[in-house]
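Engineer: Supplied in structure tokens, the structure appears directly below.
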Amino acid sequence: MTADLDLLLMDYASGALPEGPALAAATKLALDPAARAEMRLLEATGGALFAGVEPEAVSEDLLAATLDRLDGAPAWTGFASPPLDAETRRLLPAPLWRYVPKGLDGLQWERWGNNVREAVLPVADRRYRATLLHVRGGHGVLHHTHEGLEYTVVLSGSFHDETGQYRAGSFQICDGSVRHRPIADKGEDCLCLTVLDAPMHFTGLMGRFINPKVRF
């Protein structure tokens, strides 16, 4: 576990993460037993801390207002499990299923040349852009850095960049200090979840042409 991932899981355990980073954290947890064990430890630690806190009295007006809001709220029915095809269920962990109701083939894939394609996921929180990124083995995306944070979870296959190698279940957090070119390892295509809170910034000569067209 990296320090950045530990902090992210702490925020996830406390319910403090917005939808984009929470989706990345939930996907990581679904793929990594060690991360789930770390999460259980964080939850147990948090529970122990709360157990030692004396409850504060609340006013009758606040209690009444809370009960009124609960009485008027619709009943919770849970999320219906989408009828996904076997290939989508094999490649994507459960936290992603509600974002692909028609399966991987039902997504609108946009190609970056012949070897890279991307599909935007319908994240409600517009501060974040979540995508599935598919890269053919032996090929990569253009060299870039980041205007904000980028969370990447490897779903299948593997890739390498200037910071190391990342296999299925690996988690990477990048900011503006990271300049890299992720390349899928030869022999197998790489599929990743990426979550951004600001656009990528492509470097080099090609960046001059691509950056003005980058959408977020």
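Read the figures in this text as sums done on the coordinates, not as results from a lab. As the structure is a prediction and not an experimental result, all values here were calculated from the model. Backbone-built Cβ (ideal geometry, glycine too); neighbour counts: all protein chains shown.
Engineer: Could you check the simple spin-label distance between Asp175 and Leu142, using points 7 Å along Cα→Cβ, in nm with one decimal?
Structural biologist: 2.6 nm
Engineer: Additional query: Counting Lys +1, Arg +1, Asp -1, Glu -1, what net charge surrounds Val178 among other residues with beta carbon under 13 Å of its beta carbon?
Structural biologist: Values: positive: Arg179, Arg181; negative: Asp4, Glu147, Glu150, Asp161, Glu162, Asp175.
Charge balance in the 13 Å sphere: -4.
Engineer: Sticking with this structure for a sec: With labels modelled as points extended 7 Å from the Cα through the Cβ direction, what inter-label distance (nm, one decimal) is found for Asp4 paired with Ala37?
Structural biologist: Going by the 7 Å Cα→Cβ label model, 2.4 nm.
Engineer: I want the local charge near Pro33. Using Cβ-Cβ distances under 15 Å, sum +1 for each Lys or Arg and -1 for each Asp or Glu among the other residues.
Structural biologist: Summing Lys/Arg as +1 and Asp/Glu as -1 gives +2.
Engineer: Hey, another quick one. Calculate the FRET efficiency for Asp189 and Ala44 from the Cβ-Cβ distance with a Förster distance of 41 Å, rounded to the nearest 0.05.
Structural biologist: So the FRET efficiency works out to roughly 0.60.
Engineer: Give me the net charge for the shell around Thr145: Cβ to Cβ below 9 angstrom, other residues only, Lys and Arg +1, Asp and Glu -1.
Structural biologist: Neighbourhood net charge equals -1.
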